[in-house]
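Contents: one structure, followed by commentary.
Only the coordinates and a few stated rules stand behind these numbers; no lab work does. Being a predicted model, the structure only gives us computed values, none of them experimental. So basically every Cβ, Gly included, is an ideal-geometry build from the backbone, and we count neighbours across all protein chains shown.
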Amino acid sequence: MKWVTRERPKTDRIACPWLIRKFIDPDAEILYVARDEVLVVAEREGAHSFDAPGAEYTHRGSKCSFETLIDEFDLGGDSLGVSRVHGRLQDLIGAEISIAVLFEHVTIDALARYLDREQPGCRTN
């Protein structure tokens, strides 16, 4: 999926792409465009817009765009724990998987079925 924001990144526009790629959309393509082009490019490209006036994910109340993404994608306090589980799981099964898989398959049974189907060569026993 494409994600679009303002050019000349500052703190939020540096942190948000990391968060997006690490926890939301590992294959994200980040587009940096002129401030007044963000919404136009997002519409034309079918992209998510962030950290720009009127963007889909931007400052809300006292929260910055990074915090807005955390809230919207329910990445609260467990996201760091999930990151650790993700690394350990990859070591155990001997295969690379997207961290998004852990958010999509939240039970051991669902995760095992996914791995059997999508990663047939991995160690699941």
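Observations on the model:
- Under the convention that each Lys and Arg Cβ holds +1 and each Asp and Glu Cβ holds -1, the size of the dipole of the chain around its Cα centre is about 340 debye.
- The distance between label points at residue 74 and residue 14 comes to 3.2 nm (points 7 Å beyond Cα on the Cα→Cβ vector).
- Listed residue (86, 111, 101) projecting farthest to the positive dipole end of the stretch 79-118, Cβ model: 86
- Its Cα centre serving as origin, the stretch 1-46 has a Cβ charge dipole (Lys and Arg +1, Asp and Glu -1) of approximately 240 debye.
- Cα-derived Rg over Rh, computed across the chain with Rh taken as Kirkwood radius: 1.05
- Working note: Cα gyration tensor of the stretch 2-72, eigenvalues times five, square-rooted, sorted largest first, giving semi-axes of 16, 14, 11 Å.
- Calculated FRET efficiency for the pair residue 43/residue 83, C-beta based, R₀ 41 Å, to 0.05: 0.80
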